[in-house]
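Q: First the structure, then my questions, so here it is.
Taken together, the values in this text are just the output of simple stated rules run on the coordinates, not laboratory data. In this text, all values refer to a predicted model and were calculated from it rather than measured experimentally. Glycine gets a Cβ as well: all are built from the backbone with ideal geometry, and neighbour counts include every protein chain shown.
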Amino acid sequence: MYNLSRCYLMIKLMGIIPTISLVAFITGLLIYFLLTSRGRILLKFLVTKINCQGWRLSFGKLNKIGLRFSRTIAIAVIIMVAVIAGNSVSAQVTGSAPVSLKSVSVPEPDNLGDFVKNKAAAIKLGKTLFWDMQVGSDGQTSCATCHFHAGADNRSINQIAPGLLRINADRTENPDTIFNTGGGPNYQLRKEDFPFHKLSNPNDSTTVVSDSNDVSSSQGVANTKFVGVIPGSSRDLETSEPDPVFKVGGINVRRVQPRNTPTVINAAFNFRNFWDGRAQDIFNGVNPFGLRDPNASVVKAENPNQLKFVKVSLNNSSLASQAVGPPLSSFESSADGRTFQEIGNKFGQIDLSKFIVVNGSLENILSIGGTKLPRLLGQKLSGLTPLGKQVVHPQDSVLGADSSSPKPGLKDKTYEELIKDAFKPEWWNSNQLIQVDAEGKRTFVNEADNSSQTDEYRLLDYNFSLFFGLAVQLYESTLIANNTPYDRFLEGNTSALTQQQQRGKQLFEGKAACIFCHSGLELTSASVSNVKNQRLRATTTTPKTVSDRGYFNIGVRPTLEDISVGGQDPFGNPLSESRVAALGKFPLLLGSSPNVTVSPNDTVVADAQFKTPGLRNIELTAPYFHNGGYLTLPQVVDFYNRGGDFREQGVLRPLGLSETEKDDLVAFLKGLTDERVVSEKAPFDHPQLFVPNGHLGNSMYVVNDGTGKAADNLLEIPAVGKNGGKRTPNFLN
C-alpha cells in the first residue's frame, strides 16, 4: 500500500504527464471499475459515499449543503485515492469477497472463554430458556411470548397501553392512564385504528384529524405479588394485586408494555439494546446496567470448598444485559418481587419446607422501578423438564436430537445438566452455599441453618442470571437475517432486486436520506461497528451540540410523552452517554474514555431520542416506531416524507417525494426480507408455544379465572423444524 507522501507525489506528477497518458490512465480506471468485480464493488461504495456527502445531520435540522468541489472532481479524486489505497477502502472487503451483511462478524465478548466451555451447548441452553413458558411467574410467559413472529409480536388483542411514560416539564412523573384507542384494555385492534396520529393530507403535518398517545405493544403478566417458588411447579406462589390501569370490570388483565416490541433478529449487532439503550454493552452477570451498578457481582469457586464474590465484565454483550431484564419485570414475565435465584430454584431440587418469601425490607432492597435486581432468581427450573409444556420438533435445528416428540419437553435433560454442559465448573460447582438474610447480607456457609430469616442457594442457582444472560445472548446471536434480496444484490446479483427496488435503493441512499440513521451494512447507526469507537457525535461549532450516536428524535410523539435515553438508570445516572460524559463519569460508568470532550458550555441533546433499529424484515414487524403507532410501510414513508408528526421537536425535514418515489421506496424496504424468517427455516425454527392473545370476553367484560385475573385466550404457535413451516400472518393481516 502506498503511504501518504507517495500519494501526494503521484498527484503532483499527474500535473506534468502528457495528455495522452492521462487519457489512457482514466480509460484504465473506467475499465477497472466497470469490468472487474472488485472495481464494481469499490465504485458502488464510493458513489454511495459521495451521494451522502451532500447532506449533514445537525441535531434538529437536516440541511442540504454544497460540496467544496464539484461532484465530478470529487469523484475523480476519491477514485484515485481508492485505487492507490488498494483494498483498504472498506474493512468489510476481504480479497475479492462480496460485501453484504454476511461479511460482518457477529460481535462476541473478548473473554467469553472464561465462562463458556462449550458454545454449542450454551446455544442449546439459550434457545431452551428463550422459548420455555415455565420461566414466567405464571408458568405461561417466556421471552418468545413477545418475540415469536419475525422476532417480534403480531398479536392484536389486549396490546394497547396508555401513555404511562409521560412526564411534566419539571420531569416529575405524569402518567396518562386513559385508553384512547378502543376505550380500554382487552380491545381487539383494527386496521382503521392506525395510524394513531391521523391526518387529512398525509403529506402535510398540519392537517391533524385525530391524535392518540396510546402505545401498541405486547401484553406481559397480570399484576401479582410474588410470594415464593413452588418446587416442581411451573407457576410461582403469588397473590393477585389490584391493578389501577389494566383491568376490565375490576378484574385484572395482562399488563401491556409502554413501548412497542422490537425484533430480536439481528439485535446482536446493536451496541446497546432496548429503545432507550439501557441494556449496556458491558454485561455484569446480574442485570442490564453494566458498570453503572456498583454492587453487581456473581460468585466464583476458587475450588469446590472456597467461594468468592467477583465482578465480571463482558463486552459486546448488550443482548445478555437485555435478556436478564424481562424475566424480572413485573410488566413482562414476573410477579412483583421475584429474583433470578428463585427462577433457578423453580427448576431445581430444593427443600420442600423452605420457600422463598420476599418480605417488606428485602423487597425494598431488590425493587428498582418494577424490575428486581436478580439476586435470587435461579431456584425454579432444575426440577422441571426443560420445555416441559411444549412440543419440540424432532427436526429442530438445535434441539431436535433431544426432542421427546410427540410428547412435550426435552428427553433425558435437566436444566442443571444443560448449565453444566455449557459453562465452566468454577461458576456452578461448589460444596458451599450462599446465604442471604432478610437485609440482603450474603455469607458463605457449609449448610442451611433452617432459619426463616435466611435463605440459602447453591452456586448454580445463585449465578443463574449469568447463565441466563449469556446463553440467551449466544442463541439470539444465531438469529441473523443476512440472505435478503438486498444482500444478494450487494454480492453482485443484479437481478436480486427488481428495477423498482433498485430505484428505491437509490432514494434510500440519496433523496430520502434514510442512510443517515440506517447506515452501514447493518442498516442502523446504533450498531457495534458504528458506535464502538465513536460513541458520541458532535457538531463542529463552538460550543458544540452533542448526542449519543445511533439515537435520534424524529418527531413521532411530543418529547415529554417518553424521554427515552433522556431518562435515568436506577442509580440516578443519565442513560444518555453524552450526559454521562458531561458529568465526567464516562470511564467509571461506561468503561472507556469518551471520543468527544463535553464542556459545560456544550449542549447535550438526549430527550426523546430513540435507538435506530435495523431494517431487515421490516415488512414483517408491524406496527412501527417506538409507540407502534403506524400499521403499514406506506404510512411510515408518508411520515418521513412530511418530516415527521411533531417536526419542531425532531430532526426530520420534508423530503418532497412523489407518489411513484414513495412506492419505489416501499418496494425497496420489502427487498430487505429474508425468506428464511418468513417460512421459519433454521435458524428461525422453534418449539411449540402457547401465547396469551387477550382474554375471554372483550374490552367491556372478561371472565374471572378464579384468582382475580382474567382467563386467557391462548393462541398456539406450532413447533417448526429446520425446514420451516407455514407462513404466519403479519400484524392485522
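Q: Which FRET efficiency, nearest 0.05, do SER210 and THR498 yield, Cβ-Cβ r, R0 60 Å?
A: Efficiency at R0 = 60 Å is approximately 0.95.
Q: In nm, give the distance between the simple-model label positions of ASP110 and LYS722, each being 7 Å from the Cα along the Cα-to-Cβ direction.
A: Here the answer is 3.5 nm between the modelled labels.
Q: Which length gain, in nm to one decimal place, applies between ARG190 and THR707 when the Cα-Cα distance is subtracted from 0.36 nm times their residue separation? Don't skip to the end; give the middle numbers.
A: On the way: separation 517, 0.36 × 517 = 186.12 nm, distance 3.02 nm.
Stretched out fully, the ARG190 to THR707 stretch lengthens by 183.1 nm.
Q: Setting aside same-chain residues fewer than 8 positions from LYS117, which aspartates and glutamates have a Cα under 19 Å from its Cα?
A: Leaving aside aspartates and glutamates fewer than 8 places away in the same chain, those within reach of LYS117 are GLU108, GLU302, GLU416, GLU417, ASP421, GLU426, ASP461, GLU476.
Q: So, R0 is 51 Å and r is the distance between the beta-carbons of LEU583 and ASP421; what FRET efficiency does that work out to, to 0.05? Please report the intermediate quantities before stating the final value.
A: Details: r = 44 Å, r/R0 = 0.86.
The pair LEU583/ASP421 has a calculated efficiency of 0.70.
Q: Further question: If we sort 255-268, 419-432 on the protection proxy, mean other Cβ atoms within 10 Å, highest first, what's the order?
A: Ranked by mean Cβ neighbours within 10 Å, highest first: 255-268, 419-432.
Q: Report the label-to-label distance for GLU302 and SER593 in nanometres (one decimal), using points 7 Å from each Cα along the Cα→Cβ vector.
A: Placing both labels 7 Å beyond Cα along the Cβ direction yields 3.5 nm.
Q: With labels modelled as points extended 7 Å from the Cα through the Cβ direction, what inter-label distance (nm, one decimal) is found for LEU714 paired with SER679?
A: Once both label points are built, they end up 3.0 nm from each other.
Q: Next question. With a 10 Å radius around each residue's Cβ, average the other Cβ atoms per peptide and rank 530-539, 688-697, highest first.
A: Top to bottom by mean Cβ count within 10 Å: 688-697, 530-539.
Q: Separate question: Pull up all non-local amide H partners of LEU237: gap of 5 or more, or a different chain, and H-to-H distance under 5 Å with H placed in the peptide plane.
A: VAL227, GLY228, VAL229, ILE230
Q: Report for the stretch 485-673 the percent antiparallel among DSSP-assigned beta bridges with both residues inside it, nearest 5.
A: 70 percent
Q: Please report the projected area of the stretch 409-477's Cα convex hull averaged over all directions, in nm². Before the final figure, lay out each step's value.
A: Numbers: hull surface 25.4 nm².
Across all orientations, the stretch 409-477 yields a mean hull projection of 6.3 nm².
Q: For the stretch 548-562, in order, what is each residue's ³J(HN,Hα) by Karplus, 6.51 cos²θ - 1.76 cosθ + 1.60 with θ = phi - 60°, in whole Hz (x at glycine and Pro)?
A: 6, 5, x, 10, 9, 9, 9, x, 5, 9, x, 4, 6, 6, 6
Q: So if I place +1 on the C-beta of Lys and Arg and -1 on the C-beta of Asp and Glu, and nothing else carries charge, what would the dipole magnitude of the stretch 502-588 be about its Cα centre? I want it in debye, nearest 20. Could you put the intermediate results ahead of the total?
A: Working: 11 positive and 7 negative charges, 66 e Å.
Using Cβ point charges on Lys, Arg, Asp and Glu, the stretch 502-588 gives about 320 debye.
Q: Name the residue farthest towards the positive end of the dipole of the stretch 485-673 from the options GLN649, LEU669, THR603, assuming +1 on Cβ of Lys and Arg, -1 on Cβ of Asp and Glu, about the Cα centre.
A: THR603
Q: Peptides 228-240, 146-158: what's the order by average Cβ count within 10 Å, highest mean first?
A: Those peptides, ordered most packed to least, come out 146-158, 228-240.
Q: Let me ask something else about it. Once fully extended, how much extra length lies between PHE690 and LYS102, figured as 0.36 nm per residue of separation less the alpha-carbon to alpha-carbon distance?
A: 208.4 nm
Q: I would also like to ask the following. So what's the gap between the Cα centers of the stretch 212-226 and the stretch 593-617, to the nearest angstrom?
A: Their Cα centres are 28 Å away from one another.
Q: Then there is this: If R₀ is 51 angstrom, what is the calculated FRET efficiency for the pair MET700 and GLN568, using the beta carbon separation as r and rounding to 0.05? Please list the in-between numbers first.
A: Numbers: r = 38 Å, r/R0 = 0.75.
Rounded to the nearest 0.05, the efficiency is 0.85.
Q: Between GLU439 and LYS407, what length in nm is gained on full extension when 0.36 nm per residue of separation is reduced by their alpha carbon distance?
A: Result: 7.1 nm gained on full extension.
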